[in-house]
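Engineer: Could you have a look at this structure, given as structure tokens, before my questions?
The values are calculated or read from the model by the stated rules, or taken from the named source; none is laboratory data. Owing to the predicted nature of the structure, the values given are computational and were not obtained by experimental measurement. No Cβ is skipped: glycine too gets one built from the backbone with ideal geometry, and neighbour counts run over all protein chains shown. To get the accessible areas, we keep the full protein, side chains included, count just its heavy atoms, and leave off ligands, DNA and RNA. Shrake-Rupley method; radii C 1.70, N 1.55, O 1.52, S 1.80 Å.
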Amino acid sequence: MKAIVFQEFGGPEVLQYRDIPDPKLRQDQVLVRVKACALNHLDLWVRKGLPGVNLPHINGSDIAGVVEEVGEYVTSVKSGQRVLLAPMMFCNHCAMCTSGQQNLCREFTVLGNGVDGGNCELIPVPEVNVIPIPDSLGFNEAASVPLVFLTAWHMLVARSQIRQGQWVLVLGAGSGVGTAAIQIAKMFNATVIATAGDDNKLAKARELGADFAIDHYKQKISEEVRRITGKRGVDLAFEHVGKATFGESIRSVKTGGTIVTCGATTGPDVSFDLRQLFARQLSFLGSYMGTMGDLHDVLSHVFAGRLQPVVDKTFPLTETSEAHRYLESSQMFGKVVLNP
């Protein structure tokens, strides 16, 4: 089969489109023919070099396709079904997994990170990862859902316990996880303030439901938040940007407010006055991916049309290097998708 493989860490030029052997299917696995695989910033970091990534490696966490073959022990899906894949791997038998907390499993990893992913034509996965999709959902849209909607749902619902009518600040609204967060927050009738870096992205954030929009290159986020909220501040700041915005997020939340974070796109090294944390009684929450329960919960809303995946641009698998360059340029609003 064809795949995008890299044998050394580096820039987009290390990504090679070449033939590799077809995967061998275990009796407890499902073989999926990949129709679409969405990119994430994780793909960029893995390509540049992350601990635990073995070379040669295949990227790709967000996968949709058609079941090609099923192992003898598989009973829940059959050949020909349209599916998307849960974007994580876990042991499925430890105390954390069996209690429904898969993202706390000691063997937890993300497809395309600790194991090979979906930048290829065929991928074998455990039966538990395979989720049928309705005919109304296209492959590009389905591939744009799993990682970002799971992450945003776990951050807002499971970790932050978002409540009706709260004020929510969504940083980096043009990202995949940002577009998901805006929609999920609006499902809870939150008032959403979104930030982005140009007028086009700000307009699209408003189209998704954001009530207010801040240009984080031209305006100071915390000052605008205070103005919009009448000096109150937001109940919840949805963080994934890291170094460039973390201080502004702290200054934007109200006394007793919450900052929830899942990433550090602009860098992991942040500093803040510890007195802000205890004197203002803030809550800092870390969030990593989510559970299978979270995924099924958010997918129920996607399949019903209440949440909409946002596809920015598609590339053929042969142009994966160019897709990486496009993602690194931060021009996109929503997801960038590869098509084998």
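Engineer: Can you classify the stretch 1-48 as rounded, prolate or oblate using the Cα gyration tensor, where a ≥ b ≥ c are the square roots of its eigenvalues, rounded means a/c under 1.5, and otherwise it's prolate if a/b beats b/c and oblate if not?
Structural biologist: Numbers: a/c = 2.27, a/b = 1.72, b/c = 1.32.
Prolate shape, in that a/c is at least 1.5 and a/b is the bigger ratio.
Engineer: Per 10 Å bin from zero, what fraction in whole % of the C-alpha pairs of the stretch 116-181 is there, up to the bin with the longest pair?
Structural biologist: Pair shares across the bins are 16, 39, 31, 12, 1.
Engineer: Mind checking the per residue accessible area of the chain for me, 1.4 Å probe, whole number of Å²?
Structural biologist: 43 Å²
Engineer: While we're on this one: Once label points are set 7 Å from the Cα along Cα→Cβ at both Thr266 and Glu107, what is their separation, rounded to one decimal in nm?
Structural biologist: So the label points at Thr266 and Glu107 sit 3.9 nm apart.
Engineer: Could you tell me the calculated FRET efficiency between Ser99 and Phe188, based on Cβ-Cβ distance and R0 = 35 angstrom, to the nearest 0.05?
Structural biologist: Rounded to the nearest 0.05, the efficiency is 0.85.
Engineer: Something else about it: How far apart, in nm, are two points set 7 Å out from the Cα along the Cα-to-Cβ line at Thr75 and at Arg163?
Structural biologist: The answer from the label model is 4.4 nm.
Engineer: May I ask which of Lys2/Lys204; Lys254/Lys313; Lys35/Lys201; Lys78/Lys186 have a Cα-Cα span longer than 30 Å here?
Structural biologist: Lys2/Lys204; Lys254/Lys313; Lys78/Lys186
Engineer: With a point put 7 Å past each Cα toward its Cβ, work out how far Ile20 is from Glu223 in nm, to one decimal.
Structural biologist: The answer from the label model is 5.0 nm.
Engineer: Give me the extension gain from Asn92 to Trp45: residue separation times 0.36 nm, minus the current Cα-Cα distance, reported in nm with one decimal.
Structural biologist: Here the answer is 14.2 nm.
Engineer: Same structure, new question: Pop the C-beta distance of Asn54 and Arg232 into the FRET formula with R0 = 45 Å and round what comes out to the nearest 0.05.
Structural biologist: Values: r = 49 Å, r/R0 = 1.10.
Rounded to the nearest 0.05, the efficiency is 0.35.
Engineer: Follow-up. For the stretch 1-99, what Kirkwood radius comes out of the mean inverse Cα-Cα distance, in Å? Before the final figure, lay out each step's value.
Structural biologist: On the way: mean 1/r = 0.0646 Å⁻¹.
One decimal place: 15.5 Å for the Kirkwood radius.
Engineer: A follow-up question, please. Using a Debye calculation, one point per C-alpha and no hydration shell, please list log10 I(q)/I(0) for the stretch 215-340 at q = 0.10, 0.21 Å⁻¹ in order.
Structural biologist: Normalising to I(0) and taking log10 leaves -0.46, -1.24.
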